[in-house]
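The structure appears right after this line, and notes come after that.
The values are calculated or read from the model by the stated rules, or taken from the named source; none is laboratory data. Because the structure is a prediction, the values reported are computed rather than measured. Glycine gets a Cβ as well: all are built from the backbone with ideal geometry, and neighbour counts include every protein chain shown. Protein only, heavy atoms only, side chains kept; ligands, DNA and RNA dropped before computing areas. Shrake-Rupley method; radii C 1.70, N 1.55, O 1.52, S 1.80 Å.
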Amino acid sequence: MSKTIAIVANTTWNIYNFRLNIIRKLIDEGWSVIVIAPLDEYIEYKEKFPSVKHVILRKLQRDGKNIFRDIALIFELLKIYKTHKPDIVLHYTHKPNIYGGIAAKFAGINSLAVITGLGYAFIHNGLTK
């Protein structure tokens, strides 16, 4: 029986542009891969990896600051984790790292937060920067 790994990001664009090599490597090593991300035009990555299951994340707003929406994201991720029961979750990008880690803890699933680059907050001027 193969193990299942979930990869969570704030956009499918992120998966398409930065995570295809790790998906390829995981599949080659016998992992079942689930990608959890909002749906956008970069869903075309599925053509290269038809065995990957894509779960649409509906509550994530990468630049949103509404705490109630973020709490809803925790519950959405918790439901996804309980439904799909991955053996481990890789969280990429800020909100998945924070809220996905909380959801994984409540679901009893091991997770890893991966931080790359400076992030969206540092690209734009403003109070967040």
How much area per residue is accessible in the chain when the probe is 1.4 Å and only protein heavy atoms are counted (Å²)? 61
Rounded to the nearest 5, what is the percent of antiparallel bridges among the DSSP beta bridges in the chain? 0
Just Val52, Val35, Val114 to compare: in a GNM of the chain, with alpha carbon springs under 10 Å, which one fluctuates most? Val114
Gyration tensor on Cα atoms of segment 1-96, a ≥ b ≥ c root eigenvalues, a/c under 1.5 rounded, else prolate if a/b beats b/c, else oblate, says oblate
Quote the accessible area belonging to Glu47 in square angstrom, nearest 10, computed with a 1.4 Å probe and with ligands, DNA and RNA left uncounted. 150
Put Ile23, Ile88, Ile109 in order of accessible area, largest first, 1.4 Å probe: what do you get? Ile88, Ile109, Ile23
Could you work out the helix-only [θ] at 222 nm for the chain, with each DSSP H run of four or more residues adding -39,500 (n - 2.57) and the total divided by the number of residues, to the nearest 500 deg cm²/dmol? -8500 deg cm²/dmol
Quick one: net charge of Gly108's neighbours, Cβ under 13 Å, K/R +1, D/E -1? +2
Cα gyration tensor of segment 65-106, axes a ≥ b ≥ c as square roots of the eigenvalues: rounded (a/c below 1.5), prolate (a/b > b/c) or oblate? oblate
With every protein chain left in place and a probe of 1.4 Å, what is the accessible surface of Asp87, to the nearest 10 Å²? 70
Solvent-accessible area, 1.4 Å probe, carbon plus sulfur percent, for segment 11-109: 56
Just report the Cα centroid separation between segment 8-44 and segment 65-103, whole Å. 16
